[in-house]
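Shown next, in structure tokens, is the structure this report addresses.
The values are calculated or read from the model by the stated rules, or taken from the named source; none is laboratory data. Given the structure is predicted, the values throughout are model-derived calculations rather than measurements. Note: ideal-geometry Cβ built from the backbone for every residue, glycine included; neighbour counts use all protein chains shown. Please note that ligands, DNA and RNA were not included when accessible areas were found on the heavy atoms of the full protein model with its side chains. Shrake-Rupley method; radii C 1.70, N 1.55, O 1.52, S 1.80 Å.
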Amino acid sequence: MMLMQDTANNLFEESKKHIPGGVNSPVHAFKAVGGEPFITERADGAIIRTTEGKELIDFVGAWGPAILGHNHPAIRAAIQEALDRGTGYGTPNLYALRLAKKIVELVPSIEKIRMVSSGTEATMSAIRLARGYTGRDKIIKFSGCYHGHSDGLLVKAGSGALTFGNPDSAGVPKSYASETIVLPFNNIEALEKIFSQLSDQIAAVILEPYPANCGLIFPISGYLKKIRELCTTNRSIMILDEVMTGFRVALGGAQERENIRPDLTTFAKIMGGGLPAAAFGGKAEIMDCLSPEGPVYQAGTLSGNPLAMAAGLKALELLQEEMPYEQLNKMGLIMKEAILMGAKEKGISIQVPQVGSMFSFFFSEKPVLNMEDALATQSEYFKRVFKYTLDHGVFLPPSPFETCFISTSHEGELIKNGSEIVYKAIKSL
Ligand code: PMP
């Protein structure tokens, strides 16, 4: 391809002419860490290859989907097999049915599920469903939790919005945002107080079980159970956003690990096997309020697309067969140890939250429990670590507020080399 002879800089300049900021999602632009993004030529296993021929050990994993590594041969074969039957039909199809059955089998709280194409659509639709089912308007979300970019959810969201220091987007009507109550994560009193004031107005509480969009944060002991209890008592819908954690931290997601049964759950990323697929599901009684059974409208031209369904189904089947979660956790611990050791030898304070194949690091003396804590950490250090690692062949997420992902393809030399480079980066601070 002609394009590949160009330098990444030239290509990015050209991209900027045609695409706002040169990117199709803000965090791709590397603004939080400075510099310009590389352009990817291809990705296989745990390696990203740039148009300049550089090979990088990848800890971004396409922002979550690539738990089995990029371009997995079995997923490719499943897509190929589906491709032979057409690229999309716009009718019910066997792949969508099989994927729905698989998710219902793997996640006990899911009795029925509907397919969409992105995490944003999944959370937006789950919120509408909760409102339609309860006949209430207000929702509760937590600062730092990102649930996609629909209007009512783009309030104190983490991730890209945080990175740009502009938590609320222009273009979101105040009236929409005013139906969203934002509370600090891990604060039981704040939640109890709101429920005592507005009990019969709250349609839903939506949260990431392990918030992973302002670094990685864990719920304090009993917190998720308390949310479950408050939702049940006040007849509000508990929506667990498992777009990041679903099929990643366990086959049944964070809800399996935490033994929590939400009313509704949203999925994306891994369940699409690298293609655009997402879903929301939960109690049949609630799901049956969706059109055409019920009054809550929701639709999608590409929903249940056979290629995406085939890719996602194969990814979930592979995870179920291989059960790589122990192996992934061991690699997570290798990364954690390396980061801790680098910081210890350098004499700087660091926190390394890690669960299985997800980890992040905060330059902070105390554990980070919510967005306010995350914002108080030293993000200047992160920039330097990012730059060092990129110069030495490791791709970390280009923002201190993202979570790093490990795949099964990192096993062996790559996790060893990757952890060593990150260790050296921290020591070099
Ligand atoms: N929810 C969570 C927890 C996410 O992390 C994301 C995206 N990273 C979304 C929703 C939105 O998903 P998408 O980017 O597919 O719209």
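Among Glu345, Glu380, which is the only one that is farther than 22 Å from Phe30 by Cβ, surrounded by fewer than 23 Cβ atoms within 10 Å (Cβ to Cβ) and not assigned by TED's automatic domain parsing to the domain that holds Lys141?
On the way: Glu380 fails: farther than 22 Å from Phe30 by Cβ.
On inspection, the qualifying residue turns out to be Glu345.
Return the only residue of Leu307, Leu302 being in contact with a Ser or Thr (Cβ under 8 Å, 6 or more places away or on another chain), in the same structural domain as Glu105 (by TED's automatic domain parsing), in a helix (DSSP H, G or I) and closer than 27 Å to Gly90 by Cα.
Selected residue: Leu307, the only one of Leu307, Leu302 that is in contact with a Ser or Thr (Cβ under 8 Å, 6 or more places away or on another chain), in the same structural domain as Glu105 (by TED's automatic domain parsing), in a helix (DSSP H, G or I) and closer than 27 Å to Gly90 by Cα.
Give me the pairs: first residue in region 193-220 and over 19 Å from Ile127 (Cβ atoms) and of a type outside the set (Phe, Trp, Tyr), second residue within 16 Å of the ligand (Cβ to nearest atom) and part of a helix (DSSP H, G or I), beta-carbon distance under 6 Å, and six or more apart or on different chains, which are they?
Cβ pairs passing all conditions: Cys214/Leu162; Cys214/Met371; Cys214/Ala374; Gly215/Ala374.
I need the helices (runs of 4 or more DSSP H) fully contained in region 345-429, keeping only those with at least 1 residues that are closer than 23 Å to Glu326 by Cα and hydroxyl-bearing (Ser, Thr, Tyr).
Details: elements: 371-375, 379-391, 413-427.
Fully inside region 345-429 and qualifying: 413-427.
Residue pairs, Cβ under 8 Å, 6 or more apart or interchain, first in region 98-123 and under 21 Å from Cys145 (Cβ atoms) and touching a residue at least 12 places away in the same chain (Cβ under 8 Å), second in a helix (DSSP H, G or I) and polar (S, T, N, Q). List them.
Close Cβ pairs (under 8 Å, with a partner that is in a helix (DSSP H, G or I) and polar (S, T, N, Q)) amount to Val107/Gln255; Ser109/Gln255; Val116/Ser125.
Please verify whether Ser364 is closer than 30 Å to Lys141 by Cα, under 20 Å from the mean Cα position of the chain (by Cα) and open to solvent by less than 40 Å² (accessible area, probe 1.4 Å), treating the condition exactly as stated. Break it down into steps so the answer makes sense when it comes.
Details: closer than 30 Å to Lys141 by Cα: yes; under 20 Å from the mean Cα position of the chain (by Cα): no; open to solvent by less than 40 Å² (accessible area, probe 1.4 Å): yes.
Criteria not met by Ser364.
Please go through region 153-172 and pick out each residue that is at pLDDT 85 or above and not in a loop (DSSP other than H, G, I, E, B).
Leu153
I'm checking my understanding of the structure. Among residues of region 235-292 that are under 23 Å from Ala203 (Cβ atoms), open to solvent by 20 Å² or more (accessible area, probe 1.4 Å) and of a type in the set (Gly, Ala, Ser), which one is farthest from the ligand (Cβ to nearest atom)?
By that ranking, first place goes to Ala284.
Give the number of residues within region 99-131 that are more than 12 Å from the ligand (Cβ to nearest atom) and over 18 Å from Ser178 (Cα atoms).
The total comes to 18.
Being open to solvent by less than 40 Å² (accessible area, probe 1.4 Å), within 16 Å of the ligand (Cβ to nearest atom) and modelled with pLDDT under 95 is true for just one of Ala66, Ala32, Ala8. Which residue is that?
Answer to the selection: Ala32.
Give Gly86, Gly45, Gly61 a once-over and let me know the one that is at pLDDT 95 or above, within 16 Å of the ligand (Cβ to nearest atom) and over 16 Å from Glu317 (Cβ atoms).
Gly61
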